[in-house]
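The values are calculated or read from the model by the stated rules, or taken from the named source; none is laboratory data. Quantities reported herein were computed from a predicted structural model and do not represent experimental measurements. With ideal geometry, Cβ positions are generated from the backbone for all residues, glycine too; neighbour counts draw on all protein chains shown.
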Amino acid sequence: MEKTEIILFILLFNLILIFLIGSVIYFVYQYRKRKIIYDNEKVETSKKHKLELLKAQVDGQEQTMQFIAREIHDNVTQKLTLASLYSQMMDADERLHAFKENIQPISHILESSLVELRSLSKALIDNSLQQKTIGELILEETRIVNSTGMTYVSAHIEDHANLSVEMKSNLFRVVQEFIQNSLKHAQAKKIEINLTRKNHQLCLSLRDDGKGFDMNTSMEKGMGLNNMKRRIESLNGSFELISKKDEGTTMIILLSNPT
Amino acid sequence: MVAGFVYWDKVKNTPWKWFPVYLFFIFLFESTGELLIYFSYDDIHLFMYDYIVIPMQFIFLYTLFYLQDRNENSKKWLIFLSSVYFASLCFEKIFLTGANDWFNQFSYTIGVIGLVMLAIRYFDKLVHSESLLLFKSDMMFWVASGILFFYLGTLPFYGVPDSLKGKMPHFMNMYWIATILLDMTMYILFTLGFIWKRQK
């Protein structure tokens, strides 16, 4: 009986000792595991944050330049054109013949100023954004991406209407962001872009066959997606994103009566 | 206890305010217990520990775990473990008096098992949550660690019959020193909890 008691006692003692040591090891292991995940997430968030800041700066610059270009084109240039017309009229007026020598240089200065301002206005606005339709811009981007051989992008463009520069710029940036995400995060092999119009509604759908993401995890929602959403909202459009792990990502953008 | 009152500002608006009060009572009982032994009032000493100090310890510590999250599940655990402990205490006092059972402190063992279950439940929740990264400032982490080390570490010693203690005097003497060290460890961990606790 006593021998059994001693064995039981030693057994219990050892079990408790093993349990306590095991618990400490398990705790330290779990802590280190979580700490590594946390540190990685912190680095990733910081990277994303910096990238977004850079994007916001570039966006801001772009918008400011577009504003200045519009103001030059719509306001200053118009006034100068008017002034140039007046000077030309004065130049042609026989009654002011005595002042012809003075009027002509003014007219020349105005003309050359107008030429310089127009070229400045053009330089400030991305020419391709101004001249090409959204469909053409998408097709051009498709060609560039396909030439890298990293993925295959197919674009089906039904609508070739010319939209405002602001609308084209925002839509095009969304397309670029989507392609970038599909390549960088989803490692997609195929991307499909469709631009259609039905009943005065422009529909841009983007789809990839990448690894997708869990839409409930806050990290993966990311700032890039928020940025795209913000762009679409600024155009009074609606934005729908569907993604599941290993089932790719689809984005549908609807714009009512776009101009 | 001293650390608890020194850092009173950190705990005064939380359920932890009862913890230094509890430690103060433990201190009072322990001092009284020593005096009773010194003046050879062994019966009163035994009665005080069996019916007041040990049950109070268990019920308070069970309640402390409940106060951490105050949900229905924790409430059920509190009621269940308290009931089991009181039932085991009654059973011990009615049926096991004088018997030379393996666990001569049956109700104490049951009480400790309850505490260990609550501590494991707490640690399980902790390691699966984001709070794990902030464990240092979590008072419950230090308290649960102290409880786990002391109560579980000393269980074989307090549970073993006196007859067995006589058979292995050298080992039991060492274990006695180990229990004192574990006791000190528990109070050091409580103190660390008060020091590192983050004020909300």
* To do: Name the residue, out of A:E71, A:E52, that is surrounded by 11 or more Cβ atoms within 10 Å (Cβ to Cβ), more than 25 Å from A:K122 (Cα to Cα) and among the acidic types (D, E).
  => A:E52
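The rows are residues; the columns are (1) assigned to a helix (DSSP H, G or I); (2) away from chain B (no Cβ under 14 Å); (3) surrounded by 13 or more Cβ atoms within 10 Å (Cβ to Cβ).
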| position | (1), (2), (3) |
| --- | --- |
| A:L11 | yes, no, no |
| A:G22 | yes, no, no |
| A:F27 | yes, no, yes |
| A:R32 | yes, no, no |
| A:K42 | yes, no, no |
| A:Q61 | yes, yes, no |
| A:V76 | yes, yes, yes |
| A:Y86 | yes, yes, yes |
| A:R95 | yes, yes, no |
* Structure fact -> Residue set B:L81, B:L28, B:L46; condition under 21 Å from the mean Cα position of the chain (by Cα) and under 29 Å from B:L126 (Cβ atoms); output residue B:L81
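Results for (1) more than 18 Å from A:I193 (Cβ to Cβ); (2) in a helix (DSSP H, G or I); (3) in contact (Cβ under 8 Å) with a residue 12 or more places away in the chain; (4) in the same structural domain as A:H160 (by TED's automatic domain parsing), shown as yes or no for each residue.
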| site | (1), (2), (3), (4) |
| --- | --- |
| A:P105 | yes, yes, no, no |
| A:L110 | yes, yes, yes, no |
| A:S113 | yes, yes, yes, no |
| A:S119 | yes, yes, no, no |
| A:L139 | no, yes, yes, yes |
| A:T142 | no, yes, yes, yes |
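The rows are residues; the columns are (1) out of contact with any strand residue (DSSP E or B) (no Cβ under 7 Å at 6 or more places or on another chain); (2) free of Cβ contacts under 8 Å to residues at least 60 places away in the same chain; (3) not in a helix (DSSP H, G or I).
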{"site": "A:M167", "(1), (2), (3)": "yes, no, no"}
{"site": "A:N170", "(1), (2), (3)": "yes, no, no"}
{"site": "A:M215", "(1), (2), (3)": "no, yes, yes"}
{"site": "A:K229", "(1), (2), (3)": "no, yes, no"}
{"site": "A:I242", "(1), (2), (3)": "no, yes, yes"}
* Asked: Looking at region B:1-73, what helices (runs of 4 or more DSSP H) fall wholly within it and have at least 3 residues that are at pLDDT below 80 and hydrophobic (A, V, I, L, M, F, W, C)?
  -> B:2-6
* **helices (runs of 4 or more DSSP H) fully within region B:77-190 counting 1 or more residues that are within 11 Å of another protein chain (Cβ to nearest Cβ), modelled with pLDDT of 90 or more and closer than 22 Å to B:T14 by Cβ** => B:106-127, B:139-147
* Structure fact -> Filter region A:97-107 for residues that are among the polar types (S, T, N, Q) and surrounded by 13 or more Cβ atoms within 10 Å (Cβ to Cβ); the one that is farthest from A:V165 (Cα to Cα) is A:Q104
* Does at least one position in region B:50-66 carry a residue that is on the phi < 0 side of the Ramachandran plot, out of contact with any His (no Cβ under 7 Å at 6 or more places or on another chain) and polar (S, T, N, Q)? -> yes
